[in-house]
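Asks: My questions will all concern the structure given below.
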Amino acid sequence: MLFGHGFGGLGGGFSFILQLLLIGGLIMLAMRFFNRNNGSAAAVGSGFPFGQQNFGTGAPAYTAPSAGAAPAYGASKTDEIGITQNDLSTFERLLADVQAAFTREDHQGLRRLTTPEMVSYLSEELADNATKGLKNEVSNLQFLNGEVAEAWREGTRDYATVALHWSAVDVMRNRQTSVIEDGDPVNPVETTELWTFTREAGGEWLLSAIQDITKP
């Protein structure tokens, strides 16, 4: 899933896909800065802008709230569109919903929650797991905290890159025997990733990219 095995902690073929996404994001970011320097705001097509590409090396320390404390978002680094509390709640909900849809291998659910490009990548990851006779199962997800890294507008489309920090039980199970082949079925693991969301102005947020910034 989005944590270590599937499309988050990212092992196997999806790690290679994320490398391609990161390269594409760097190219898109350079193009965006170039366009800004020339006084124009170019509309983005099917690219995957990641916001601050160096966020992984200069990321702030993330501390989970103490017991009973409400999850909190840190201050935005760069917010050109005015991210609201409702937007933050939507990002948190999408974290849980996308994770759950991926665990269920629910392609229709993923199409409702993510961009077509992202659906393609996630479907490929699900197919790769199935080919290997494995099924990724994630449970007991708990959102810990998050921080808006950058939010901006390209033409009529909004983007927001958010560092999300959560914990969950994440395992790989053999489809035939149900034996757990990887992961701890008892102890949750913590993950921090950059998720980029996009929407048409006034529309619903969709997941458009994921960048892993946790290191083993």
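The values are calculated or read from the model by the stated rules, or taken from the named source; none is laboratory data. In this text the structure is predicted, and so the values were computed from the model without any measurement. Ideal geometry is used to build each Cβ from the backbone, glycine not excepted, and the neighbour counts take in all protein chains shown. Surface areas here come from the heavy atoms of the whole protein model, side chains and all, with no ligands, DNA or RNA. Shrake-Rupley method; radii C 1.70, N 1.55, O 1.52, S 1.80 Å.
Results for (1) among the aliphatic types (A, V, I, L, M); (2) free of Cβ contacts under 8 Å to residues at least 60 places away in the same chain; (3) under 17 Å from LEU194 (Cα atoms), shown as yes or no for each residue.
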residue: ILE83; (1), (2), (3): yes, no, yes
residue: ALA96; (1), (2), (3): yes, yes, yes
residue: GLN99; (1), (2), (3): no, no, yes
residue: GLU105; (1), (2), (3): no, yes, no
residue: GLN108; (1), (2), (3): no, yes, no
residue: ALA127; (1), (2), (3): yes, yes, no
residue: GLY146; (1), (2), (3): no, no, yes
residue: GLY155; (1), (2), (3): no, no, no
residue: TYR159; (1), (2), (3): no, no, yes
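Asks: Continuing with the same structure: Look at segment 145-172 and say how many of its residues are open to solvent by 60 Å² or more (accessible area, probe 1.4 Å) and in contact with a Leu (Cβ under 9 Å, 6 or more places away or on another chain). Give the derivation first.
Replies: Keep residues of segment 145-172 that are open to solvent by 60 Å² or more (accessible area, probe 1.4 Å), which gives 153, 156.
Cutting the leftovers down to in contact with a Leu (Cβ under 9 Å, 6 or more places away or on another chain) gives us none.
Number satisfying all stated conditions: 0.
Asks: In addition: Within segment 158-200, how many residues are among the polar types (S, T, N, Q) and in a strand (DSSP E or B)?
Replies: Number of matching residues: 7.
Asks: Which condition number in (1) open to solvent by 10 Å² or more (accessible area, probe 1.4 Å); (2) touching an Asp or Glu at 6+ places or on another chain (Cβ under 9 Å); (3) part of a strand (DSSP E or B) is the one that GLY203 fails?
Replies: Against the list (1) open to solvent by 10 Å² or more (accessible area, probe 1.4 Å); (2) touching an Asp or Glu at 6+ places or on another chain (Cβ under 9 Å); (3) part of a strand (DSSP E or B), GLY203 comes up short only on (3).
Asks: Ok, one more. Kindly indicate whether ALA67 is assigned to a loop (DSSP other than H, G, I, E, B), among the small types (Gly, Ala, Ser) and either modelled with pLDDT under 95 or open to solvent by 40 Å² or more (accessible area, probe 1.4 Å) (or both).
Replies: Against the criterion (assigned to a loop (DSSP other than H, G, I, E, B), among the small types (Gly, Ala, Ser) and either modelled with pLDDT under 95 or open to solvent by 40 Å² or more (accessible area, probe 1.4 Å) (or both)), ALA67 qualifies.
Asks: A further question follows. Restricting to segment 163-186, what's the tally of residues that are among the β-branched types (Val, Ile, Thr) and touching a residue at least 24 places away in the same chain (Cβ under 8 Å)? Outline the logic, then answer.
Replies: Looking only at segment 163-186, we keep the residues that are among the β-branched types (Val, Ile, Thr), and these are 169, 171, 177, 179-180, 186.
Within this subset, residues satisfying the condition of being touching a residue at least 24 places away in the same chain (Cβ under 8 Å) are 169, 171.
So the count comes out to 2.
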